[in-house]
Amino acid sequence: MILKKQEKLADRKSSPFAGVLLFLVSLILLILTGPIGFLYGILYSLFSRGFRGLGEYLLKIAVSVDQLGNVLMQHLLNTLWVKKGGYKFGNRDETISSALGRNKRLATLSRFGILIDKILDKLDPNHSLNSIDYYIEPSDGILDVLAWIHIVDNLILCTRSSGKDVYYIPGGKRVPGESDTQSLFREIKEELQVDLDISSLKLMGIFEASAHGVQPGMMVRMRCYTGGYSGELCPDSEISEMVWLSYQDRDMVSEVDKLIFDFLNKKGYLK
């Protein structure tokens, strides 16, 4: 899995004519300069860093080819490998293996897709699941949310919104233009009327599962932070209930929160 430090950006709108023209230009450049650049890259990597450098160079190319295949073959893969309502191939920032892993997690692979996944697992155990990239650009199939992990005496703070049938770890959706900490500060202030200490916030982990209460095939990616706060915890109007849950209450939360509960339990934070 390739981890990218740059913040994710939404697709820019472009005209069909520009798309065709840029495709032709890139194809010509690839045909004319690709072989020369590839040969030079092999020699440079080999003589500057030895066999390790060559391997790293070829791995980068393999990932790029995989990303290209995810776009180039998206319609074919969506037809053959995925059931209706599954996670769609085609994100230009994602590899085929990553999209395959998301469908495996959602149980939306077709019989052909399951066969391909089993073949890859023979070559590399849990290949598709291990290939899921949590740093890809936004997509219509993934809800990008943030959460605040607050644990006291092995109990975790959770909330339930009006009309919801499960509890959630407090947090909310990212707003374009805001950093993780800015969005999380705003969401927690709105939900629980306290001010997070932004300087103390630390990323605990990134978790992904099927989204609760939305259309089939939708996934939620949750970036979880821990940190201090000031003020008195008090549910706001949109929150109907604030509770402290133990690991035994795992079945009362959403799918992605169950993964977080498991993680916290293994770490000894939640019992």
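For this structure, a couple of remarks:
- When Phe23 is tested against (1) part of a helix (DSSP H, G or I); (2) surrounded by 12 or more Cβ atoms within 10 Å (Cβ to Cβ), exactly one condition is not met: (2).
- The test for being small (Gly, Ala, Ser) and over 17 Å from Leu146 (Cα atoms) holds for Gly163.
- When residues of segment 62-107 are limited to those that are among the basic types (Lys, Arg) and more than 19 Å from the chain's Cα centre (by Cα), the one modelled with the lowest pLDDT: Lys84
- Filter result for Phe112 (over 20 Å from Lys258 (Cβ atoms), touching a residue at least 12 places away in the same chain (Cβ under 8 Å), of a type in the set (Phe, Trp, Tyr) and crowded, with 21+ Cβ neighbours inside 10 Å): no
- Which listed residue, of Asp180, Asp197, is acidic (Asp, Glu), without any contact (Cβ under 8 Å) to a residue 40 or more places away in the chain and either out of contact with any Pro (no Cβ under 7 Å at 6 or more places or on another chain) or under 24 Å from Met219 (Cβ atoms) (or both): Asp197
The values are calculated or read from the model by the stated rules, or taken from the named source; none is laboratory data. If you're wondering where the values come from, they're calculated on a predicted model, not measured in any experiment. In this analysis, Cβ positions are derived from the backbone assuming ideal geometry, glycine residues included, and neighbour counts consider all displayed protein chains.
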